[in-house]
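Input: a single structure, listed below in structure tokens.
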Amino acid sequence: MIIANTLADGFVVFLTADNGWTHDIADGAVAETDAAADAMLLTAKQAERDCVVIDPNLIPVEIVDGRPQPTEYREYIRANGPSVPTPS
Amino acid sequence: MYRYDEFDTRLVQERVEQFRRQTGRRLNGEMNEDQFLPLRLMNGVYLQLHAYMLRINVPYGAMRSRQIRQLAHIARTYDKGYGHFTTRQNMQFNWIQLKDVANAQADLAEVEMHCIQSSGNCIRNTTSDQYAGVAKDEIEDPRVYCEIIRQWSTLHPEFSYLPRKFKIAVTGSPNDRAAVALHDIGLRMHLNKNGEPGFEVLVGGGQGRTPFVAKTIRDWLPPEHLLSYLEAILRVYNLDGRRDNKWKARIKILVHQTGTKEFRRLVDTEWDKIRDSALKLPQAEIDRINAYFAPPDYESLDDAGETIAAWRADNANFDAWVRANVAEHKIPGYSIVNISLKSANQPPGDMTAAQMDAFADLADEYSFGELRVNHRQNLVLADVEQLRLRELWEKLRALDLATPNIGRVSDMIVCPGLDYCSLANARSIPIAEEINKRFSDMDRVHDIGELTINISGCMNACGHHHVGHIGILGVDKRGKEFYQFTLGGSSDQTASLGDRTGPGFPADKAVDAVETILNTYIEIRNDGECFLDTYRRAGLAPFKEALYGNP
Ligand code: HEM
Ligand code: SF4
């Protein structure tokens, strides 16, 4: 999947199948082949040049309970928010 | 406290509008990220894991109540309702949106606050002793010199592109509460043999991946030469500091590679050229700044020690709080109150907008409308009447701000770690939470006594792990979070770097290791020894054996 931050608000987003961006990882596109991943990264880099997102990256995911989830713990936290409750 | 003059006000307002235009150009695509990055960093905006982060300077940690009220307003309006106090006595907001930053900065400017030089390779916020002006052991108020340094270093044209960031800390007391030996420059006030105050100048301290305790390059510097001497140091660094390698660019590396003696010679050569220049501080200027820090209108009170003792005898919780959190004030009848931001219910250093607002009211009611942030991520009300301690304590309790653990096991310095920080290798906050949970029995906490545990989520050492009595460093070991330990670090006047115990522990064993270390201390301590005393006497061996067994 492609993970990035939107330029204007900075929040984490994922590239969708129709080349849009979503905050919900479940709505993001999962590349099944290397070629599909390369194509998604190209799209994301263009979105970076178009000042829509910053720092797009390709990350490995696995499907957990029907939702894609990053396999690396750094990206897992990035995708799911802080692992500790935020003060309120 | 210092108040902005017309120049400060104009400078800050112009800067907000300049950054507003810069963000506008970034948002409409006129600038790419490479072009924008240095500009946003000059204005305190980072991109973290989940969002942008805004770092706001709190000069030498001192604030008025209306300033923390404004921080509460920013937390509520532009962020998620809370903020994080850092070891650099600053505040960070974790969820600021780029499109809102200029508005937030304009709101800050209304209360004489800003984000200028809160990041980037320039002279950062000068930090100081949270007991400045009220400490019994103080020679002179360090805030005066911090403010002089602030004015000199703000937008200093020669020092806007240093090889790397530059941090200065000042203490006016022999008991160092500001970790000055861990800064690029540390200033420690002493009296010379004629009884005149001046600064011991320490250079090249720092943490990160190559930690150093600063070296003294001058035993006593008259205050009138403060700026010319600092300028000489910065010039040597600016010219000779490495720019080819980010990890070797701090002044600590230059001092280490040049040698203290040669470095001193280089500084003195430069200093000779400028010591009697316009940088020389006339006494009138020192007096002018000093006037901003005139003591508040203290009542003339008797020491209320007996009443406090009776209250303490009557209530064990109040007693524990006074013992850990209340410090002696130089004026009879007053106390210094430390407010722990290390309750079990919130990440260390975090404060909600509601707490900030309520705390602002307490500062107004009990401490002349002022408060301080210290480098251990706690707050201070510096001027509280002793006879009002008990009612203040009740009110703090209601806000979850009366945890009686200052200087104890659960009063940890903790960086944001992988829960927020994009540079992190491991999380810090969950380890801190687990420590807080395991050490929640206050009798045990007070039996363990004086202790600092400092936790960083990576080698950058924002959580000061090198100088924790127990330091914990998060590392990534083959895709898993591990925690390495150092023991015997200290950041006070006896500053030392901790010694590595050995291999790290996985996340689910890290707090067991803390228990093992503390149980070992309790077993081998002599009467009256705190952890650091025992460690300095007994060395690493008994702790190593307890942690890893006999090889
Ligand atoms: C979350 C965003 C942060 C980033 C990206 C960041 C980055 C860094 C880096 C790269 C260093 C190493 C500098 C060097 O050795 O040259 C450093 C040092 C440091 N940071 Fe942070 N930091 C962050 C947050 C914090 C926080 C929250 C605190 C306070 C809790 C803090 C306080 C410090 C201190 C005290 C140092 C260390 C000592 C030194 O000057 O060598 N930083 N930071
Ligand atoms: S020590 Fe590392 S993980 Fe912690 S805040 Fe600093 S850069 Fe981030």
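The values are calculated or read from the model by the stated rules, or taken from the named source; none is laboratory data. Model, not experiment: these values are computed from the prediction. Using ideal geometry, Cβ is built from the backbone for each residue, glycine included, and neighbour counts are taken over all protein chains shown. For accessibility, only protein heavy atoms count, side chains too; no ligands or nucleic acids. Shrake-Rupley method; radii C 1.70, N 1.55, O 1.52, S 1.80 Å.
Across segment B:162-270, Cα-Cα pairs more than 23 Å apart make up 23 percent of the total. Amide H to amide H distances under 5 Å link B:Y334 with B:Q386, where only residues 5 or more positions off or on other chains count and H is placed in the peptide plane. Projected onto its three principal axes, the C-alpha set of chain B covers 61, 58, 57 Å, listed from the longest axis down. Once divided by 2.2 N^0.38 Å, the Cα radius of gyration of segment B:177-235 becomes 1.16.
What you get for segment B:413-548, charging only the Cβ of Lys and Arg (+1) and of Asp and Glu (-1), is a dipole of about 540 debye around the Cα centre. Taking other residues whose beta carbon is less than 11 angstrom from the beta carbon of B:Y60, and scoring Lys, Arg as +1 and Asp, Glu as -1, yields +1.
Extending 7 Å from the Cα toward the beta-carbon at both B:H256 and B:I522 defines two label points whose distance is 3.7 nm.
Between B:A398 and B:L11, the simple label model (points 7 Å from Cα in the Cβ direction) yields a spacing of 4.2 nm.
Helical content alone sets the calculated 222 nm signal of chain B at -12000 deg cm²/dmol, taking -39,500 (n - 2.57) per DSSP H segment of four or more residues and averaging over every residue. Interface burial in segment B:3-41, defined as at least 40 Å² less accessible area with all protein chains than with the chain alone at a 1.4 Å probe, covers B:R26, B:L27. Report the Stokes-Einstein translational diffusion coefficient (µm² s⁻¹, integer) for segment A:2-80, Rh taken as the Kirkwood radius over Cα pairs, at 25 °C with viscosity 0.890 mPa s. The Stokes-Einstein estimate is 198 µm²/s. Only helical runs count toward this figure. For chain A, summing -39,500 (n - 2.57) over DSSP H runs of n ≥ 4 and dividing by all residues gives -8500 deg cm²/dmol at 222 nm. A straight line joining the Cα centroids of segment B:364-433 and segment B:273-309 runs 26 Å. Accessible surface computed residue by residue for segment B:134-290, with neighbouring protein chains in place and a 1.4 Å probe, gives 41 Å² per residue.
Of all complete DSSP H helices in chain B, not one has a Cα span along the helix axis of 30 Å or greater and a mean Kyte-Doolittle hydropathy of 0.5 or more.
Basic side chains Lys and Arg get +1 at the Cβ, acidic Asp and Glu get -1 at the Cβ, and with that the dipole of the protein assembly as shown about its Cα centre reaches some 1760 debye.
Report the normalised scattering of segment B:311-426 as log10 I(q)/I(0) at q = 0.10, 0.13, 0.14 Å⁻¹, calculated by the Debye formula with identical scatterers on the alpha carbons. Result of the Debye calculation: -0.31, -0.50, -0.57.
The translational diffusion coefficient of segment B:413-548, from Stokes-Einstein at 4 °C and 1.567 mPa s with a Kirkwood hydrodynamic radius over alpha carbon pairs, comes to 87 µm²/s. When the surface is traced with a 1.4 Å probe over the full set of protein chains, A:V64 keeps roughly 60 Å² accessible.
For segment B:436-484, trypsin sites (Lys or Arg not before Pro) are listed when DSSP marks them as loop and at most 13 other Cβ atoms sit within 10 Å of their Cβ; the list is B:R478.
Per residue, segment B:6-110 exposes 37 Å² of accessible surface when a 1.4 Å probe is rolled over the protein heavy atoms with every protein chain present. For the chain pair A and B, buried accessible area totals roughly 2300 Å², probe 1.4 Å, rounded to the nearest 100.
In the assembled protein chains, B:K544 presents an accessible area of approximately 90 Å² (probe radius 1.4 Å).
With the convex hull constructed from alpha-carbon coordinates only, segment B:1-147 shows a mean projected area of 9.3 nm² over all directions. In this structure the amide hydrogen of B:Y82, modeled in the peptide plane, comes within under 5 Å of the amide hydrogens of B:A353, none closer than 5 places in sequence on its chain. Label-to-label distance for B:D287 and B:D303 is 3.4 nm, based on points extended 7 Å past Cα in the beta-carbon direction. Database remark: amide H of B:Y483 closer than 5 angstrom to the amide H of B:V475, B:F505 (H placed geometrically; neighbours at sequence offset of 5 or more, or on other chains; Pro and chain starts carry no H). Comparing segment B:368-418 with the 2.2 N^0.38 Å rule of thumb, its C-alpha radius of gyration ratio is 1.31 (two decimals). Burial annotation for segment A:42-88: residues with an accessible-area loss of at least 50 Å² between the isolated chain and the complete set of protein chains, computed on heavy atoms with a 1.4 Å probe, are A:C51, A:I54, A:Y73, A:R74, A:I77, A:P82, A:V84, A:P87.
Under Stokes-Einstein, with the Kirkwood radius over Cα pairs as Rh, the value for the protein assembly as shown at 4 °C and 1.567 mPa s is 50 µm²/s. Nonpolar atom fraction for the protein assembly as shown, defined as the carbon and sulfur part of the 1.4 Å probe accessible area, stands at 48 percent. Pairs exceeding 32 Å between alpha-carbon atoms, taken from B:K99/B:K480; B:K273/B:K330; B:K330/B:K395: B:K99/B:K480; B:K273/B:K330. Considering protein heavy atoms only and a 1.4 Å probe radius, which residues within segment B:42-90 exhibit an accessible-area decrease of no less than 50 Å² in the full assembly relative to the chain by itself? Hits at the 50 Å² cut-off: B:L47, B:L49, B:H50, B:Y52.
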